[in-house]
1. With contacts defined as alpha carbon pairs under 8 Å and 6 or more residues apart, what's the relative contact order of the stretch 136-197 in percent?
2. As an exercise, find the ratio Rg/Rh for the chain from alpha-carbon atoms, using the Kirkwood inverse-distance average for Rh.
3. Please work out, to two decimal places, the log10 of the ratio I(q)/I(0) at q = 0.19 Å⁻¹ from a Debye calculation in which every Cα of the stretch 195-250 carries one identical scatterer.
4. Compute the distance in nm between two label points, each set 7 Å from the Cα along the Cα-to-Cβ direction, one at LEU76 and one at ALA153.
5. Excluding same-chain residues fewer than 8 positions from LYS79, which aspartates and glutamates have a Cα within less than 15 Å of its Cα?
6. Taking 0.36 nm per residue of separation and subtracting the Cα-Cα distance, what length does fully extending GLN88 through ALA226 add?
7. Considering only the chain, what is the antiparallel percent among its DSSP beta bridges, to the nearest 5?
8. In deg cm²/dmol and to the nearest 500, what is the mean residue ellipticity at 222 nm of the chain if only DSSP H runs of at least 4 residues count, each as -39500 (n - 2.57), divided by the residue total?
Amino acid sequence: MSNIAFLGMGAMGARIATRLLTAGHSLQVWNRTPERCQPLVEQGATVHNSPRQAAETAAVVIVMVADDDASRQVWLDEKTGAMGGLRQGAVALEYSTLTPSWSHELAQIMSNLNHPFLAAPVVGSRPQAETGQLIQLVGGDLTTLTSVQAILASHSAVIHPVGDATHSMGLKLAINTLFGIQVAALSEVLGLLQKTGMAPSTAIDWLNQMPTTSPALKGIGALMAAQNYAPLFPVDLVEKDFRYAQLFAQTVGTPVPTIEAVREVYQQAQEAGYGADNIAGIAQLYV
Ligand SMILES: NC(=O)c1ccc[n+]([C@@H]2O[C@H](COP(=O)([O-])OP(=O)(O)OC[C@H]3O[C@@H](n4cnc5c(N)ncnc54)[C@H](OP(=O)(O)O)[C@@H]3O)[C@@H](O)[C@H]2O)c1
């Protein structure tokens, strides 16, 4: 069993941290809003005042926060950043969904300081984090991955080595934008069919029987039919991933007109007040 620091007790982080505790690891936790650490402390974790302090005794340090700015601050803040507390030989893991360029930069910084590092974003949402069914995309060297494989297996059912830190984060954004585009299209066609008098549940029943509807979209269709928009993968995070995919496209110099257009739909959903709703909540734009 390892001594692990987990930084970021958001919806995903808290669930993954709980699985690490249940697996028997010692857990050091920190969150910007300290109250969110309390449930983990009640299960045996030790709370710290800064990422640096949490990292000081850990053999493995995991960060899972909202975006690039948060990741940069948690790792690199001069006074409080985890980097300042990293022991020699400790493995640094970044689970957040970030731009490939920041992921690459962070990997370079770690490499320059001789810290083993993996950029390891996860596919799946809160239910998969809770049940240990995440799919993890790991960018970094295989020796480092082997050293933490058992830790990742406590929350991820499938662990894919996918090249370097740019590759894993690029693939993660590709997966999320592909999914987000399908969900946006589904919400539009559902709106169309409703205008003909077809009940949403009937429309979804038909669409879900067709080979053109992907397994992930079937789940979202069921939520739309039930008007269940309770947050799992909130619209605000979806929009962030589209923004990051757009930045990624600019960096590598390739056009992404569909990603740009669909990002605008998610922005409309935010403007309409649905930012905290699950991704299925964009259906509310068409009712
Ligand atoms: N939700 C999903 O389905 C899902 C699935 C896969 C991957 N992801 C990715 O996983 C990451 C976390 O997602 P989540 O759903 O757990 O989000 P969340 O519930 O909104 O949690 C965000 C976390 O980031 C922290 N944070 C935000 N800004 C910060 C800053 N400037 N400095 C330090 N900490 C900061 C928050 O701290 P406070 O508590 O203080 O606000 C919180 O701990 C994101 O990158 C997301 O894209 C999400």
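Rule-based calculations on the coordinates, nothing more; no lab input. Worth saying up front: this structure is predicted, and the values here are computed from it rather than measured. Please note: Cβ atoms are built from the backbone with ideal geometry, for glycine as well, and neighbour counts cover all protein chains shown.
1. For the stretch 136-197, the relative contact order is 38 percent.
2. Answer for the chain: 1.00.
3. Per q value, in the given order, log10 I(q)/I(0) is -0.80.
4. 3.5
5. Leaving aside aspartates and glutamates fewer than 8 places away in the same chain, those within reach of LYS79 are GLU56.
6. 44.5 nm
7. Close to 15 percent.
8. Per the formula, -15500 deg cm²/dmol.
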